[in-house]
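**Q** What follows is a single structure, and I will ask about it in a moment.
The values are calculated or read from the model by the stated rules, or taken from the named source; none is laboratory data. Keep in mind the model is a prediction, meaning the values are calculated, not measured. No Cβ is skipped: glycine too gets one built from the backbone with ideal geometry, and neighbour counts run over all protein chains shown. For the accessible areas, the whole protein counts, side chains as well, though only heavy atoms, and no ligand, DNA or RNA atoms are used. Shrake-Rupley method; radii C 1.70, N 1.55, O 1.52, S 1.80 Å.
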Amino acid sequence: MSSSDLLQKSFRAVSKCMLPKDTFKGKVAFVTGGGTGIGRAITERLSEMGASCCIVSRKLDVLDKTAEDIQKSIPGSKIITAAADVRNPDAVAIAVDKCVKDLGLPNIVINNAAGNFISPTERLSSNAFRSVIDIVLMGTINVTMDIAKRLIEAKQGANFLGITTIYAHYGSGYVVPSACAKSGVQTLHRSLASEWGKYGFRFNCIAPGPIYTKGAFSRLDPSGQFSDQMMNRIPTKRLGELEEISNLAAYLVSDYSSWMTGEVINFDGGELMSMVGEFNSLEKVPQEQWDELTAMIKNVKGS
Ligand code: HXC
Ligand code: NAP
């Protein structure tokens, strides 16, 4: 077995649910972008543990199909759908009204909806920048503000979770609108963790590295030529899996993490660490050459 096969095996994702089945019994989750990819996986995980979910995005047909699939595969689960563009606060308010009427006020809010694509920044129009920033940052603000105001009025606490990215910390070329917006989402969560702790709200984020979803990879690696490079710099030598991120998300919005707030958890198989370490590229130096290099260092005289 090659070392990469071994790594794959030793770091295999756990596909089972890590929390008790009734963790979210009686809870209501509001999940943006819940019809596809990571949002769908989180919706499935929360449903599996008893939450009723309201999934929200622009495409009602996609949401309805996801709701139907999950309700079929998880007996007793309840998922409602609401079409809304998170950029529009009035549309968000209508979606939240529907959630409140059919399920109740949310106890869990997953700000997962996003827009992104790779592009040299000088090619971007003002509208291209605005589209991504409005979806990611204003969308998160619209959802958070609308739901939080209702919860404050009702004196009900809740757990908020933002899905950001590892490049939200230090920025990244070629996805600049997304980098700007995602760091804003992290700042929003950290700020409100402090200001709104008094209302019984917790705010955390997951900053994932690459996890295969059609929505992300069709816009970030449309030709498929960048994925190998990406994989090679991830110390665990594989992409993340939906089952893994949904387990972490479930933990962060459950009472098992009740003293954790204002945190941003990197979830990337070590990719960020591998990119920031000054000498990490020495990984490429062959073992034989290390004898030579060590001898050279040991022979240094003086100073
Ligand atoms: C340059 C582009 C562009 C591109 C769109 N635009 N795509 N500019 N390069 N590839 C420009 C358009 O020309 C237009 O500007 C403006 O952006 C708005 O485009 P629309 O298509 O009208 O916008 P809209 O229909 O609102 O769609 C939003 C979108 C789209 C962001 C452009 O991609 C989308 O709907 N995405 C949603 C799902 C998604 O992105 N999922 C991936 C998340 S993955 P002009 O000036 O012409 O009007 C993710 C992972 C990160 O975030 C981390 C990975 C490791
Ligand atoms: P995805 O499947 O494309 O998910 C994006 C979701 O956002 C879609 O369901 C989309 O639904 C919804 N959405 C987009 N614009 C919207 C709008 N204006 N209003 C309402 N909903 C909108 O991609 P994904 O990979 O699962 O991404 C989910 C989250 O993970 C995003 O926040 C992304 O930045 C983050 N992330 C992903 C990766 C990765 O490698 N996959 C890595 C780091 C972070 P509609 O089209 O129906 O609106």
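**Q** Tell me which of these residue 186 doesn't satisfy, since it passes every other one: (1) out of contact with any Asp or Glu (no Cβ under 8 Å at 6 or more places or on another chain); (2) within 13 Å of ligand 1 (Cβ to nearest atom); (3) open to solvent by less than 20 Å² (accessible area, probe 1.4 Å).
**A** With (1) out of contact with any Asp or Glu (no Cβ under 8 Å at 6 or more places or on another chain); (2) within 13 Å of ligand 1 (Cβ to nearest atom); (3) open to solvent by less than 20 Å² (accessible area, probe 1.4 Å) applied to residue 186, the lone miss is (2).
**Q** Further question: Out of all the residues in region 22-53, which are polar (S, T, N, Q) and away from ligand 2 (no atom under 16 Å from the Cβ)?
**A** Passing the criteria: 23, 47, 52.
**Q** Also: Determine, yes or no, whether residue 203 is buried (at least 16 other Cβ atoms within 10 Å of the Cβ), near ligand 1 (Cβ under 9 Å from one of its atoms) and not in a loop (DSSP other than H, G, I, E, B).
**A** The answer is no for residue 203.
**Q** Given the structure, is residue 262 in contact (Cβ under 8 Å) with a residue 60 or more places away in the chain, touching a helix residue (DSSP H, G or I) at 6+ places or on another chain (Cβ under 7 Å) and buried (at least 17 other Cβ atoms within 10 Å of the Cβ)?
**A** So residue 262 fails the test.
**Q** Looking at 241, 263, 271, can you tell me which residue is more than 11 Å from ligand 1 (Cβ to nearest atom) and over 30 Å from residue 155 (Cα atoms)?
**A** 241
**Q** Does residue 235 satisfy the condition of being of a type outside the set (Phe, Trp, Tyr), within 15 Å of ligand 1 (Cβ to nearest atom), part of a loop (DSSP other than H, G, I, E, B) and open to solvent by 30 Å² or more (accessible area, probe 1.4 Å)?
**A** Taking the combined requirement at face value, the residue does not satisfy it.
**Q** Among (1) in contact (Cβ under 8 Å) with a residue 12 or more places away in the chain; (2) within 16 Å of ligand 1 (Cβ to nearest atom); (3) surrounded by fewer than 17 Cβ atoms within 10 Å (Cβ to Cβ), there is one condition residue 64 misses while meeting the rest; what is its number?
**A** (2)
**Q** Moving on to the next point. Need a quick list: strands (runs of 3 or more DSSP E) entirely within region 41-116 having at least 3 residues that are within 21 Å of the chain's Cα centre (by Cα) and farther than 15 Å from residue 141 by Cα.
**A** 52-57, 78-83
**Q** Quick check on residue 202: is it over 21 Å from residue 170 (Cβ atoms) and more than 16 Å from ligand 2 (Cβ to nearest atom)?
**A** In short, yes.
**Q** Residue check, residue 250 against (1) within 16 Å of ligand 1 (Cβ to nearest atom); (2) in contact with a Leu (Cβ under 9 Å, 6 or more places away or on another chain); (3) of a type in the set (A, V, I, L, M, F, W, C), all met but one. Which one?
**A** The single condition residue 250 does not satisfy is (1).
**Q** Residues of region 181-205 being within 18 Å of residue 156 (Cα to Cα) and of a type in the set (Ser, Thr, Tyr), which ones?
**A** Scanning region 181-205 gives 194, 199.
**Q** Also: Within region 174-182, does at least one residue satisfy the condition of being in contact (Cβ under 8 Å) with a residue 24 or more places away in the chain, among the charged types (D, E, K, R) and within 17 Å of residue 272 (Cα to Cα)?
**A** Looking through region 174-182, at least one residue is in contact (Cβ under 8 Å) with a residue 24 or more places away in the chain, among the charged types (D, E, K, R) and within 17 Å of residue 272 (Cα to Cα).
**Q** When both residues are 6+ apart or on different chains and their Cβ atoms are under 9 Å apart, which pairs have a first residue that lies in region 214-235 and is free of Cβ contacts under 8 Å to residues at least 60 places away in the same chain, and a second that is part of a helix (DSSP H, G or I) and acidic (Asp, Glu)?
**A** What qualifies is 230/271; 233/271; 234/271; 235/271.
Residue-by-condition table, conditions (1) of a type in the set (A, V, I, L, M); (2) within 28 Å of residue 200 (Cβ to Cβ):
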site: 68; (1), (2): no, no
site: 77; (1), (2): no, yes
site: 95; (1), (2): yes, yes
site: 99; (1), (2): no, yes
site: 102; (1), (2): no, yes
site: 131; (1), (2): no, no
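**Q** Next question. Quick one: would you say residue 206 is in contact with a Cys (Cβ under 9 Å, 6 or more places away or on another chain) and not aromatic (Phe, Trp, Tyr)?
**A** The answer is no for residue 206.
Here's the yes/no breakdown for (1) within 16 Å of ligand 1 (Cβ to nearest atom); (2) among the hydroxyl-bearing types (Ser, Thr, Tyr); (3) without any contact (Cβ under 8 Å) to a residue 60 or more places away in the chain:
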residue	(1), (2), (3)
92	yes, no, yes
99	no, no, no
105	no, no, no
117	yes, no, no
123	yes, no, yes
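**Q** Please verify whether region 89-106 includes one or more residues that are of a type in the set (Gly, Ala, Ser) and farther than 28 Å from residue 19 by Cβ.
**A** Checked region 89-106: at least one residue is of a type in the set (Gly, Ala, Ser) and farther than 28 Å from residue 19 by Cβ.
**Q** Let me ask another. Given the conditions (1) more than 30 Å from residue 46 (Cβ to Cβ); (2) in a helix (DSSP H, G or I); (3) modelled with pLDDT of 95 or more, report the number of the one that residue 250 does not fulfil.
**A** Residue 250 satisfies all of (1) more than 30 Å from residue 46 (Cβ to Cβ); (2) in a helix (DSSP H, G or I); (3) modelled with pLDDT of 95 or more except (1).
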